[in-house]
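The values are calculated or read from the model by the stated rules, or taken from the named source; none is laboratory data. Note that the coordinates shown come from a computational prediction; the quantities given were computed from them, not determined experimentally. FYI the Cβ positions are ideal-geometry reconstructions off the backbone, even for glycines, and counts take in every protein chain you see. Only protein heavy atoms, including side chains, enter the accessible area calculation; ligands, DNA and RNA are left aside. Shrake-Rupley method; radii C 1.70, N 1.55, O 1.52, S 1.80 Å.
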Amino acid sequence: MVKQLIIGDAKHELAITRRILERLPEEHMTWKPHEKSMTLGGLTTHLINLLNWQVAIFLSPELDLSTVPLRREALTSRQDILDEFDANVVKLDKLLDDCDEQALGEEWTLRNGDHIILRQPRANALRTFGLSHMIHHRAQLGVYLRLLDIPVPGLYGPSADENGQS
């Protein structure tokens, strides 16, 4: 039952994340709302990286951020973003389908060299470091779209742009 809840939660969050990615305005990928903010393309690329990291949660017992490049070139094409997102969703779906409850309970570690950032069961890491982190940045992306006057899709119900229409 725990595995079914985790899989259902992940699939739901990924599906609604894709809805917002479909709205990306390519002409604004270098825009940012504030000098301290990421660009639209940078924020979107970070969302894609978080999905890559969700896959990594199931591929090994740890992720060492000191071995991952600090910054990746920001993606600028909506289609490239959707293609990478979709490919990683397929990978994550397979990993989730293939895992068992024992694997979900195994310890997973996020580190930066010798510094342990978090150590928790794989299922918790998927929820906190993976999905919740992605949801946080997806919400930022919704604000970016609103500021650019791009209609924001409903995620947990209709948005102000949908007027109750699905």
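Here are a few things to note about the model shown:
- Flag for GLN79 being free of Cβ contacts under 8 Å to residues at least 12 places away in the same chain and part of a helix (DSSP H, G or I): yes
- Of residues in segment 23-49 being open to solvent by 70 Å² or more (accessible area, probe 1.4 Å) and part of a helix (DSSP H, G or I), the one nearest to ALA74 (Cα to Cα): GLU26
- Single residue of segment 55-74 satisfying the filter (part of a loop (DSSP other than H, G, I, E, B) and touching a residue at least 40 places away in the same chain (Cβ under 8 Å)) that is least open to solvent (accessible area, probe 1.4 Å): ALA74
- Counted residues, segment 90-149 - those being closer than 30 Å to ARG78 by Cβ and acidic (Asp, Glu): 3
- Residue in segment 2-13 that is hydrophobic (A, V, I, L, M, F, W, C), without any contact (Cβ under 8 Å) to a residue 40 or more places away in the chain and either open to solvent by 10 Å² or more (accessible area, probe 1.4 Å) or not in a helix (DSSP H, G or I) (or both) present: yes
- Among the residues of segment 141-156, the one identified as in a helix (DSSP H, G or I) and of a type in the set (Ser, Thr, Tyr) is TYR144.
Conditions (1) part of a helix (DSSP H, G or I); (2) open to solvent by 30 Å² or more (accessible area, probe 1.4 Å); (3) at pLDDT 95 or above; (4) within 17 Å of LEU21 (Cα to Cα), marked per residue:
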residue	(1), (2), (3), (4)
ASP86	yes, yes, yes, yes
LEU95	yes, yes, yes, no
ARG111	no, yes, yes, no
THR128	yes, yes, no, no
ALA139	yes, yes, yes, yes
PRO158	no, yes, no, yes
ASP161	no, yes, no, yes
GLY164	no, yes, no, no
